[in-house]
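*Asks:* First the structure, then my questions, so here it is.
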Amino acid sequence: MTTETAPADRIVLPGGEMLAWSDLPEGRAVTTGTLAALAATVVPAGASVLVAGPHDPALLDRLAHAEVTCLLRGYPDGVTLAARAARVVVGGPTGLADGELFDVVIAGAGLDTVESVEGARLGWGGVLARLTRALRPGGTLLLWLENPMGLRRFVDTDAWYARRDDTAWSISGVLDTDHPANREQLDVRLAEAGLRPRGCFAAYTDAGARALIDADELTRGTTSGLFDAVLHDACANGFATTVLQDPARLAVDALHAGLGSALAPGWVVVAAKEPAAGPADDVPPAALPVALLETGPGGDVLEVVADPQGWRWRATATDRSATPAAPFATREAAHRDLAALDGRPVPEGRLLRTLLLDAALRRDLDGLRRLLRGYAAWLTGQAGPDGQLGGAVALATVDNVLVADGGYTLLDPSWQATSPLSPEVVLARGLRRFATTLVTGGYAHPWPSALDVAGLTVVLAGVAGHDLDRATVTAAVDIEAAVTAAVRGLDNEGRGVLLSELRSVEPTDPPAGTRSFQQLREAWLRQREELSRLTALLKWTEELLTSRERALRRAEVTLNLLNGSVSYRVGKLAITPARLARRGARAAKRRLRDALATKPQERQ
Amino acid sequence: MHHANHFYGHAHVLARYAGLGDGHPPRINGYVQHGWNIGDGLAPGHPYAERTPSLLWSEQTRRRAWSVGRRNVAVIGAPFAYLLAMRPDDPPAEQREGTIWYPFHGWEGQHVHGDHKKLIALIRETEPGPVTVCLYWHEYGMRTVRRLYENAGFRVICHGYRGHWWKNTDPYFLDKQLIELRRHRRVASNRLTSAIFYGIAAGCEPAVYGDPMVLANEDPTFGGTARIRRQWPELHGPAVDLPTAAAIARDELGLDHRCTPAELRELLGWANLQEEPVDD
């Protein structure tokens with residue numbers, strides 16, 4: 001059992017501690033699942049590990065098989081972590097005892113956070129040298145480095161050189177040559193320190209990365225649907241509430257340009273210290289995965305591992321997802337089966353969403369028709385004997401479907417629909433999601449702006465060869481809310497809010513979630529264009545109305561003129577008896593019909 | 001001007017250095033750190049207007065102040081550093097003898113707990129030569145305390161009154177202290193304080209030993225004496241390594257951050273004075 005009361009004998013204060021300082025966010029768990037999983041991979045059983053800098057307590061829990069020493073600058077953090085570590089040293093990097101060696105050193109929050117305000121500044125290079133000195137020959141260093149020219153720089157509303165927060169007592173940016181600013185510089189610095197990189201991962205989106213992807217694979221795999229989906233998801237949720245531009249768009253574009261690693265917000269490097277002279281270690285180090293991805297509401301970490309047949313999924317369920325389901329969980333529209341994913345090959349191909357966006361931008365209607373018809377046919381072709389779609393394919397949306405050689409596959413089939421759905425609703429949900437991305441994202445497309453989201457969905461379905469009605473689209477919105485609520489782990493209230501947001505989305509709205517200045521401006525331009533359209537329409541209608549009113553008045557004048565003439569009056573006098581006679585005849589006919597009616601009760 | 005800027009005649013020293021003469025110093029646009037401390041450089045409990053510049057002694061204090069939320073923090077070095085620049089060899093420190101010992105003091109509102117008699121025995125045991133005990137004016141005025149040290153055969157002095165609310169400030173407090181320090185070979189105290197750093201900068205060998213005499217109601221925010229001993233262990237003990245001590249004192253007094261007179265006038269808001277000179 002862990003308690004907040006620290007065992008005092010485990011906390012060492014060598015001087016240089018910050019007594020009231022905390023780097024661990026209050027009341028919020030940092031998402032460092034991927035880093036913890038990677039750390040667990042590189043830490044052999046029984047190893048002595050130095051965890052330098054602030055880390056999520058969950059990372060220490062994953063290192064239960066090792067003897068962990070924490071090096072922190074903030075005393076309150078030491079108290080928080082003391083119960084989870086064999087020893088906690090609170091002080092600057094100079095607080096480490098000389099001659100003490102570790103098998104693994106983990107600096108997952110970077111080297112800057114290792115330094116205290118107290119004592120002499122060592123700088124990035126000085127801290128690296130100190131930590132390397134604490135590594136035994138052949139030992140492993142796991143290090144996170146922020147990329148000063150990474151995505152964060154391009155989307156941040158705050159200038160990096162004007163930071164005002166309490167950690168900014170010193171700002172080490174790209175101008176500081178002591179700080180490596182790209183992978184090559186990092187490799188050089190590691191080599192100078194006597195370290196050989198074993199692997200380098202692009203870390204999206206920060207030190208508590210949601211995704212760690214092998215940097216070389218990311219650079220090579222420019223059209224990988226897996227990387228496309230992963231970068232998009234990590235960036236869509238991994239930034240502040242207000243940004244300059246859509247980080248997910250930027251990340252996927254960078255991927256396609258081969259810059260997915262170069263523009264990553266940071267890197268995590270696994271490096272080995274040169275072994276001592278003598279016979280080499282017989283035990284080869286554990287192979288590193290291709291990618292580690294934190295997904296789902298429980299923070300499950302999915303790994304992609306390479307084997308001779310290709311890439312495979314490796315699923316590690318976290319403790320959180322193993323907890324018993326809440327009472328309402330049985331009513332969830334979707335559930336996750338990670339075990340079904342474990343060991344399955346990772347499909348190759350391009351992400352359907354990206355292909356559709358590209359075709360829409362190029363106004364390639366033939367391409368759109370081919371892609372959408374293929375998608376619809378692939379969906380309906382998997383319907384059971386009852387005509388319904390069940391399991392994972394019932395949740396197949398354009399952001400989870402890969403296309404390769406005209407064939408369609410689900411990227412991550414771990415999420416399953418709880419009850420079967422009609423193929424029309426599944427198609428409508430997939431297309432409405434895409435329609436929402438297309439219009440709220442401000443993408444150019446071949447259809448008129450006057451279409452609302454449901455209208456565009458029906459049009460897309462038509463291109464896919466299906467004649468959907470709006471009622472099906474409405475049903476798809478309800479399913480969308482229920483499935484998204486399950487995937488995000490929302491409660492009933494959150495699900496209600498989500499549903500009303502989904503129902504009310506308009507083409508002139510910016511995308512939901514993170515607000516980006518660029519997309520807000522685009523939304524404003526769309527609103528302005530829509531306003532221009534409506535103003536022009538109103539003006540045209542006014543003019544038409546005016547001209548028709550004028551014509552009506554002319555007709556009335558003519559009528560009045562005719563009413564006053566002698567011939568009109570004589571004519572009217574002449575036909576009056578005939579009019580009265582016809583009225584009397586009609587009344588007599590009605591009375592006769594009533595009298596002859598067969599069902600008297602109906603008269604009541 | 002915050003009244004603490006006048007403590008120990010700090011504002012007077014800075015005004016003299018800035019070329020404004022010996023008169024009443026003009027208002028300073030900011031708070032000058034008035035003593036070595038392990039917090040944000042400002043005295044706990046004093047009221048301060050937010051974002052008014054803090055003019056601090058050292059880079060380490062500036063980092064610490066920023067980390068606890070202070071902004072507009074600048075390093076100018078200690079007023080003592082300016083005094084050293086004005087009096088680099090005045091008086092010449094040729095005849096150094098014995099030890100100047102500063103028993104730790106609190107200020108008027110604080111009450112020191114501790115045993116002066118035990119301290120006196122320890123000083124006699126440790127110090128090789130004659131001892132001058134410098135008492136804070138508050139204790140100097142307490143006959144019983146003063147007698148204790150006098151009866152032990154120590155010379156008992158007081159550098160003067162640091163002043164309070166601009167009243168009775170001794171503008172030559174620091175000068176007197178510098179003169180006394182240069183007469184002694186060693187400087188010692190039971191706590192690491194400003195006086196020890198001043199002594200090191202004035203060429204004395206430092207020593208910190210004995211019961212640190214904890215203050216009643218001492219503010220533990222920044223860790224108190226325990227933290228001082230953890231962070232500067234090199235400066236504690238009856239004999240310490242002089243080059244190490246000199247380097248630390250250089251950092252803590254910000255000797256390398258001393259401004260030029262014109263620079264200081266700008267930083268203190270003295271470049272375009274509107275006030276009429278006032279005689280003190």
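What follows draws every value from the coordinates through simple rules; no lab data is involved. These numbers come from a predicted model, not from an experiment. Quick reminder, even Gly has a Cβ in these numbers, built from the backbone with ideal geometry, and neighbours come from all protein chains shown.
*Asks:* Any idea what the relative contact order of region B:99-252 is, in percent, if you count C-alpha pairs under 8 Å spaced at least 6 apart?
*Replies:* Rounded, it is 25 percent for region B:99-252.
*Asks:* Other chains' Cβ within 10 Å of A:164-173 residues: what's the mean?
*Replies:* 3
*Asks:* How large is ³J(HN,Hα), in whole Hz, for each residue of region A:424-435 in order, when computed from phi with the Karplus curve 6.51 cos²θ - 1.76 cosθ + 1.60 and θ = phi - 60°, using x for Gly and Pro?
*Replies:* Result, rounded to whole Hz: 4, 5, 4, 5, 4, 5, x, 6, 5, 4, 5, 4.
*Asks:* Quick check: the distance between the Cα centres of region A:171-226 and region B:141-216, to the nearest angstrom?
*Replies:* Region A:171-226 and region B:141-216 have Cα centres spaced 55 Å from each other.
*Asks:* Given the -39500 (n - 2.57) contribution per DSSP H run of 4+ residues, what per-residue ellipticity at 222 nm results for the protein assembly as shown, rounded to the nearest 500 deg cm²/dmol?
*Replies:* -12000 deg cm²/dmol
*Asks:* What size of dipole, in debye to the nearest 20, comes out for chain B about its Cα centre when the only charges are +1 on Lys and Arg C-beta atoms and -1 on Asp and Glu C-beta atoms?
*Replies:* Approximately 540 debye in magnitude.
*Asks:* Here is a further query. Please give the FRET efficiency for B:Met142 paired with A:Asp165, using the beta carbon to beta carbon distance and R0 = 51 Å, rounded to the nearest 0.05.
*Replies:* FRET efficiency, B:Met142 to A:Asp165: 0.60.
*Asks:* Same structure again: If you place +1 on the Cβ of every Lys and Arg, -1 on the Cβ of every Asp and Glu, and leave all else neutral, what size is the dipole of chain A about its Cα centre, to the nearest 20 Debye?
*Replies:* Dipole magnitude for chain A comes out near 5260 debye.
*Asks:* How high is the relative contact order of chain B, in percent, with contacts defined as C-alpha pairs under 8 Å that are six or more residues apart?
*Replies:* Once divided by the residue count of chain B, the mean separation gives 25 percent.
*Asks:* Report the net charge of residues surrounding A:Thr472, where surrounding means a beta-carbon distance below 13 angstrom and charges are Lys +1, Arg +1, Asp -1, Glu -1.
*Replies:* -2
*Asks:* Which whole number gives the average count of other chain Cβ atoms within 10 Å of the Cβ atoms across peptide B:68-79?
*Replies:* 1
*Asks:* I would also like to ask the following. Round to a whole angstrom and tell me the spacing of the C-alpha centers of region A:414-491 and region A:348-371.
*Replies:* First find each Cα centre; the distance between them is then 17 Å.
*Asks:* Mind jotting down the distance between the C-alpha centroids of region A:121-147 and region A:534-555, whole Å?
*Replies:* Computed from Cα coordinates, the inter-centre distance equals 78 Å.
*Asks:* While we're on this one: May I ask you to sort B:His138, B:His184, A:His55 by Cβ crowding, counting other Cβ atoms within 10 Å and putting the fewest first?
*Replies:* The order, fewest Cβ neighbours first, is B:His138, B:His184, A:His55.
*Asks:* If you take the beta carbon distance between A:Ala597 and A:Leu573 as r and set R0 to 45 Å, what does 1/(1 + (r/R0)^6) give as a FRET efficiency, to the nearest 0.05?
*Replies:* The calculated FRET efficiency here is 0.70.
*Asks:* OK, next. Given 20 Å bins starting at zero, what is the percent of C-alpha pairs of the protein assembly as shown in each, up to the one with the largest pair distance?
*Replies:* All Cα pairs, binned at 20 Å, distribute as 12, 31, 25, 17, 9, 4, 2, 0 percent.
*Asks:* Which residues among region A:77-117 fall inside the zone where the amide N is under 14 Å from a point 7 Å beyond the Cα of B:Ala226, along Cα→Cβ?
*Replies:* A:79, A:90
*Asks:* How many partner chain Cβ atoms sit within 10 Å of a residue's Cβ in peptide A:118-124, on average, as a whole number?
*Replies:* Going residue by residue through A:118-124 and averaging, the value is 3.
*Asks:* Just to be sure I understand the model, the point goes 7 Å from the Cα along the line to the Cβ. What's the resulting A:Arg363 to A:Val305 distance in nm?
*Replies:* Each label point is offset 7 Å from its Cα along the Cβ direction, giving 5.1 nm.
*Asks:* Would you mind putting B:54-62, B:120-128 in packing order, based on average other-beta-carbon counts within 10 Å, highest first?
*Replies:* Going from most to least packed, we get B:54-62, B:120-128.
*Asks:* Still on this structure, I have one more. Could you derive backbone 3J(HN,Hα) for region A:586-592 from the dihedral phi with the Karplus parameters 6.51, -1.76 and 1.60 (θ = phi - 60°), listing whole Hz in sequence and x where the residue is Gly or Pro?
*Replies:* 4, 4, 5, 5, 5, 4, 4
*Asks:* Each residue of region B:225-242 in turn: what ³J(HN,Hα) in whole Hz from Karplus with 6.51, -1.76, 1.60 and θ = phi - 60°, glycine and Pro shown as x?
*Replies:* 5, 4, 5, 4, 5, 5, 7, 10, x, 5, 9, 9, x, x, 9, 10, 6, 5
*Asks:* Restricting to bridges with both residues inside the protein assembly as shown, how much of the DSSP beta-bridge set is antiparallel, in percent to the nearest 5?
*Replies:* 55
*Asks:* Which of the listed residues, B:Asn168, A:Cys235, B:Ala43, is farthest toward the dipole's positive end in the protein assembly as shown, when Lys, Arg count +1 and Asp, Glu count -1 at the beta-carbon?
*Replies:* About the Cα centre, the residue reaching furthest to the positive side is A:Cys235.
*Asks:* Using amide H atoms built 1.01 Å from N in the peptide plane, name the residues 5+ places from A:Gly199, or on other chains, whose amide H lies under 5 Å from its own.
*Replies:* Correct list: A:Val270.
*Asks:* Listing B:His12, B:His46, B:His3 from the residue with the fewest other Cβ atoms within 10 Å to the one with the most, what is the order?
*Replies:* So the residues, fewest neighbours to most, are B:His46, B:His3, B:His12.
*Asks:* Roughly what % antiparallel, to the nearest 5, for the DSSP beta bridges in chain B?
*Replies:* Of those bridges, close to 15 percent are antiparallel.
*Asks:* I need B:Asp170, A:Asp300 ordered by Cβ neighbour count within 10 Å, fewest first.
*Replies:* Fewest to most other Cβ atoms nearby, the residues stand as B:Asp170, A:Asp300.
*Asks:* Springs between alpha-carbon atoms under 10 Å, Gaussian network over chain B: tell me which of B:Val13, B:Val75, B:Val145 tops the mean-square fluctuations.
*Replies:* Looking only at B:Val13, B:Val75, B:Val145, the biggest GNM fluctuation is shown by B:Val145.
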